[in-house]
Structures are given as C-alpha cells and as structure tokens.
Amino acid sequence: MENEFSQGAESVYSNKVRAGKRRTYFFDVRQTKGEDYYITLTESTRKFNGNGYTRHKIFLYKEDFNRFLEGLQGAVDHVKTELMPEYDYEQFDRRQEEWEQQKALEAQQENTDSAVENENTDKSIESEEDISW
C-alpha cells in the first residue's frame, strides 16, 4: 500500500543491502512532483514456501531524518554496548564477503567453462571447413 507521496514519485537513488539468505533491505530516495525528497526503507523477506516475498515499507520524510538517525543509532549502540557487548557483530560482514567471493568464483568458473566450450566449438567448425570433398 503506497501513500499519496509515492504516486508519481521518481526514484533518484537506490541502495540494496542483502541481509542473509531470505532478507534484503532497500533504501530508495524519491523525488515528488513538487521537487521534494523522501526516503523509503523496505524490508523484503522471501516466504518460507518460496512463493514470493513479504514487504514492509517505511516512509521517512526530510523533517524526520535527524531524529530517525539519532534514534536508530541510539538503539544500535545500546544493544552493542549494554545488552550484547561480547557479540561479534562483524561475523555477518565476514560471512557476506565470503559468500560474495564464492559467487564471484562460481561466475568466473562458469565464464571460463563457457569460453572453453566456445573455443572447442570454434575448433570443430574450423576442422569441418578444412575438409575438402
């Protein structure tokens, strides 16, 4: 369900943050027809049955940017320093980096396999062209 600002609003910036296997956050800056700006924060979660996504959206307006950031930073800091100071918050960054590296290696391997296959196909075509009847 979109609000009246989002109808006809143009997206001028978008940032996607993957958060595990099932969850992604989207940060979108939108411009209204009146040349005003606001941010939509969207959490998209893949459904367990694999059929589609559940989305939750927050509209954040410029007059609330500072208070929102202060509130978010305060809540994060409280958890990190008071409630769970011993927790390794960077483990998720490391796991994400490892996952991205693995995906890049798999893509590189697919490209290499495809190039070898194309080279072999090209050689067989050359060989057929060399045959004189």
- Task: Restrict the search to the stretch 32-76; then list the GluC sites (Glu not before Pro) that DSSP places in a loop and that have at most 14 other Cβ atoms within 10 Å of their Cβ.
- Result: GLU35
- Got a sec to turn the phi values of the stretch 51-61 into Karplus ³J(HN,Hα) couplings, 6.51 cos²θ - 1.76 cosθ + 1.60 with θ = phi - 60°, whole Hz, x for Gly and Pro? 9, x, 9, 9, 10, 10, 10, 10, 9, 10, 9
- Item | Neighbourhood net charge (10 Å Cβ-Cβ; Lys/Arg +1, Asp/Glu -1) for SER11 | -1
- Note on the structure: Both in Å, the radius of gyration and Dmax of the C-alpha trace of the stretch 1-65 are 13.2, 42
- Item | Calculated from backbone phi, Karplus (6.51, -1.76, 1.60) coupling profile of the stretch 34-44 in Hz, x at Gly/Pro | x, 6, 9, 10, 8, 10, 10, 10, 10, 9, 10
- Beyond 16 Å, what percent of the Cα pairs of the stretch 70-118 remain? 63 percent
- Could the peptides 76-89, 21-34 be put in order, highest first, of the mean number of other beta-carbon atoms found within 10 Å of their residues? 21-34, 76-89
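Rule-based calculations on the coordinates, nothing more; no lab input. Quick caveat, the model's predicted, so the values are computed rather than measured. Backbone-built Cβ (ideal geometry, glycine too); neighbour counts: all protein chains shown.
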